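Heads up: the structure comes next, in structure tokens.
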Amino acid sequence: MAKLAFIGLGLMGTPMATRLLEAGHDLTVWNRTALKTRPLTDQGAAVASTPAQAVAGADAVITMVTNAEALEQVVLGDNGLAAALVPGQLLIDMSTVGPDAVLSVAARLPRGVAMVDAPVRGSVPQATTGRLAVYVGADPSDFERVEPILASLGTLHHVGGLGSGAATKVVVNSTLGAAIAAFGEALALGDDFGLDRSVVLDVLADTPIASTVEAKRANVESGRYPANFKLSLALKDLNLVNQIAEQTGRRLELASASRDWLERAAQAGAGDLDYSAVIPTITTDGGRRPA
């Protein structure tokens, strides 16, 4: 078992850190809001007062933060990780920040400190039960180091060198946005035809978006959207997809349209709800063209 530091205890970070603790790793945690460390300390984790303090004696440090700015702050800001990392230690970033951010941070780490990017696909249920897909960008030797550390979180996919994990996650997220938008538009079309909503849901459960329908059907039927993956974070991820496409001169029409739906839902106040809360925005009059 390894001695680990875990930085970032949001909706995903807390169950992931819990899995690592339950797997027998020695865990020190830090979170900007200290109250969120309580569930981990109740199970035996130590709490650091700063990211830098969390590093002491750790074999590896895992970051799971909101965006590239947050990653840079916890690594390179005041009392950040970089100030305390020493040769031989390993930084594993599991955030969704894109390859440019990963490579930028890696270039400014102390000499002898290796970095691996390992973002995940899945939401709170998968994080809780250890069924995440983990996309690892690492040199072969570094992958051998992280494999036993991350094994309890889900299935690891070694997708290439440093930055490849972050790039793979951007690709995956482009499909997430398209699937939830397709779900909403299919329901809207069914409503316009006057079809029974439950019948449409049954039919959609046997289509290429079946997994999305299965995961989000209860939200649609209840009209309640408790956050497993916040809409504001899905919007951040789709903005990242579109930003990278613009940089490369690539036209990604579906990614752009999906981002626009999420943006409209966020503007309507759904940012802190589950990302499937975009569906009411699509199916209500807000999704109609002006007369």
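Quick grid of which residues meet (1) of a type in the set (F, W, Y); (2) on the phi > 0 side of the Ramachandran plot; (3) surrounded by fewer than 18 Cβ atoms within 10 Å (Cβ to Cβ):
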position: S104; (1), (2), (3): no, no, yes
position: G137; (1), (2), (3): no, no, no
position: S141; (1), (2), (3): no, no, yes
position: H158; (1), (2), (3): no, no, no
position: G161; (1), (2), (3): no, no, yes
position: V172; (1), (2), (3): no, no, yes
position: F183; (1), (2), (3): yes, no, no
position: R197; (1), (2), (3): no, no, yes
With respect to E147, is the statement that it is in the same structural domain as V213 (by TED's automatic domain parsing), surrounded by fewer than 17 Cβ atoms within 10 Å (Cβ to Cβ) and either within 22 Å of A277 (Cβ to Cβ) or among the charged types (D, E, K, R) (or both) true?
no
Any residue at all in region 197-215 that's modelled with pLDDT under 95 and not in a helix (DSSP H, G or I)?
no
Taking the conditions exactly as written (in contact with a Pro (Cβ under 9 Å, 6 or more places away or on another chain), under 28 Å from Q243 (Cβ atoms), in the same structural domain as S276 (by TED's automatic domain parsing) and buried (at least 19 other Cβ atoms within 10 Å of the Cβ)), does G177 satisfy them or not?
no
Here is a check on your reading of the model: is A48 buried (at least 18 other Cβ atoms within 10 Å of the Cβ) and at negative phi?
yes
Just to be sure I understand, how many residues within region 19-38 are surrounded by 15 or more Cβ atoms within 10 Å (Cβ to Cβ) and either over 20 Å from E147 (Cβ atoms) or not assigned by TED's automatic domain parsing to the domain that holds P148 (or both)?
7
One residue is enough: does region 113-134 have a residue meeting the conditions at pLDDT 95 or above, within 30 Å of I62 (Cα to Cα), among the acidic types (D, E) and surrounded by 19 or more Cβ atoms within 10 Å (Cβ to Cβ)?
yes
Any chance region 230-241 includes a residue that's within 24 Å of V102 (Cβ to Cβ), in contact with a strand residue (DSSP E or B) (Cβ under 8 Å, 6 or more places away or on another chain) and surrounded by 15 or more Cβ atoms within 10 Å (Cβ to Cβ)?
yes
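A quick yes/no check of all residues on (1) modelled with pLDDT of 95 or more; (2) in the same structural domain as G190 (by TED's automatic domain parsing); (3) surrounded by 20 or more Cβ atoms within 10 Å (Cβ to Cβ):
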| site | (1), (2), (3) |
| --- | --- |
| T248 | no, yes, no |
| R251 | no, yes, no |
| A257 | yes, yes, no |
| W261 | yes, yes, yes |
| Q267 | yes, yes, no |
| L273 | yes, yes, yes |
| S276 | yes, yes, yes |
| I279 | yes, yes, yes |
| I282 | yes, yes, yes |
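The values are calculated or read from the model by the stated rules, or taken from the named source; none is laboratory data. The shown structure was predicted, so the numbers you read here are calculated from the model rather than taken from an experiment. With ideal geometry, Cβ positions are generated from the backbone for all residues, glycine too; neighbour counts draw on all protein chains shown.
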